[in-house]
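Working notes for the structure below.
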Amino acid sequence: MDIDATLQQFARFGVKLELESTQQLLAVLGNPHEQVPIVHVAGSNGKGSVCAYLSAVLTEAGYRVGRYTSPHLVSWQERICIKEQPIATSDLEQVLQQVITASRSLEPSPTQFEIFTAAAWLHFAQQQVDLAVMEVGLGGRLDATNVCDRPLASIITSISREHWQRLGPTLADIAWEKAGILKPNCLAVIGQVPPEAAAVIHRRIVELNCPTLYPPPAKDLGDGWAEYQGTEAYDVESDSPTFAADSVVVVKALKYRSPLLGDIQRHNAGLAIAALQSLRQKGWQVSDETIANGIAKTKWAGRLQWFHWEGHQLLIDGAHNPASAKVLRQFVDSPAIGVDRSTSIHWVMGMLSTKDHADVFKALLRAGDRLYLVPVPDHSTADPEALAAIAHEICPDLATCQTYPDVLSALAAATDSSSTSQLSARMQSQTNTPLTVLCGSLYLIGHFFQLNNASMDNK
């Protein structure tokens, strides 16, 4: 079976935000989702990292853990993992064939995402995982993953303006869709969200009587270490915050070291730790030592990742929406990475046509920076020339803004020492080599990995 070609036949059915088709398909398959305890994770940004932390820790604890995430970077197999290992090609072919055969009795046909999500549920049930960590694909309320009525925990990592064409134009609209993963009397773990979104989520929590945790970010201890110092729970009856030690989880400070970069990871790790400690209260054997060891082993490629290419060090990050672009710029400006503030950043970027291009540029670009724009192959790409016009309007003092036909030619130009000839001699010194950043789309990052036939663990 050619997996790409097989799945492509379902792409023509587009994206549907409704649950009936998925529920019908799963019913034909024997409702495998009812056999799998889950932790469900939604959010605008950070949900993949939280899933990675949860999977790594629970695997470290000795559990047979399924993890379902999207999109993939290089291969479809990445989306379905058990015990941190992608599904074998032969297993994926087999389970897809079962799902596709079941789908033939349905009208209209399920979408590509519905087919693949059903394949994940079926594989996890067949492999008898102890639990599955399920990442929402789009939104939450009507996402194909949202078919379980008793999750172990529902986590909302963040809310920002993304996919607004489908989820609604305001943060309140988007929050309502993501809060759709919350279930009556089931634990909710809520990240730091804007007030407009928090109000919507809070109303839903009260309606559903959800015991709720609001974990603060872990404290930065320096040298890669952090300390999670406990969490705050929400007491629905009194309509006021209470400390978790008095209600949902026993609070205990926990020191850990994460290989994932950026201040935002202290927030993501805090959400994962809070959920894990709450699972412990339900009988899951997850010690603080196991949590720290699991976090230390977490891998999540394509997000604030250093990568060696053609003798040059690149920083790679998806940065596909304004919120994630702000996180990237914050990391680039942080003293920790040692980039001289007066040195320009060389941005190699491609974006999808559906993204908020101007807001991403506002978050990233500064006077003197250099921008190298490329298309995102095999997807609905934004036109590089149109992006260049927007970038010039947003940041007219760019040192360079050029378009290229592909990512490799853009990277070659961005890392060419002659391209910095107009910079001062001090900026061209070894210690002040301009930083080259590849970003703007996870699909572009995946394309880059594929072109280089490279391990995504490259550092």
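The values are calculated or read from the model by the stated rules, or taken from the named source; none is laboratory data. The structure presented is a predicted model; accordingly, all values stated were derived computationally and were not measured. Every residue, glycine as well, gets a Cβ built from its backbone with ideal geometry; the counts of neighbours run over all protein chains shown.
Summary table below
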item: Single residue of SER334, SER342, SER287 found to be among the small types (Gly, Ala, Ser), modelled with pLDDT of 95 or more and more than 19 Å from the chain's Cα centre (by Cα); result: SER287
item: Every residue from segment 107-127 that is within 15 Å of VAL65 (Cβ to Cβ) and either free of Cβ contacts under 8 Å to residues at least 60 places away in the same chain or β-branched (Val, Ile, Thr) (or both); result: ALA120, HIS123
item: Boolean, CYS148 is out of contact with any His (no Cβ under 7 Å at 6 or more places or on another chain), assigned to a loop (DSSP other than H, G, I, E, B) and crowded, with 18+ Cβ neighbours inside 10 Å; result: no
item: Members of segment 186-216 that are of a type outside the set (A, V, I, L, M, F, W, C), within 21 Å of the chain's Cα centre (by Cα) and buried (at least 20 other Cβ atoms within 10 Å of the Cβ); result: GLY191, TYR214, PRO215
item: Test for GLU84: is it touching a residue at least 12 places away in the same chain (Cβ under 8 Å), of a type outside the set (Phe, Trp, Tyr), surrounded by fewer than 21 Cβ atoms within 10 Å (Cβ to Cβ) and touching a strand residue (DSSP E or B) at 6+ places or on another chain (Cβ under 9 Å); result: yes
item: Residue pairs meeting the criteria (Cβ under 7 Å; at least 6 apart or on separate chains; first assigned by TED's automatic domain parsing to the domain that holds SER441 and over 18 Å from PRO375 (Cβ atoms), in segment 387-404; second in a strand (DSSP E or B) and of a type in the set (A, V, I, L, M)); result: LEU398/LEU371; THR400/LEU371
item: Selection within segment 41-64 - surrounded by fewer than 24 Cβ atoms within 10 Å (Cβ to Cβ) and polar (S, T, N, Q); result: THR59
item: Those residues of segment 404-457 which are within 23 Å of the chain's Cα centre (by Cα), at pLDDT 65 or above and assigned to a loop (DSSP other than H, G, I, E, B), in sequence order; result: GLY440, SER441, ASN453, MET456, ASP457
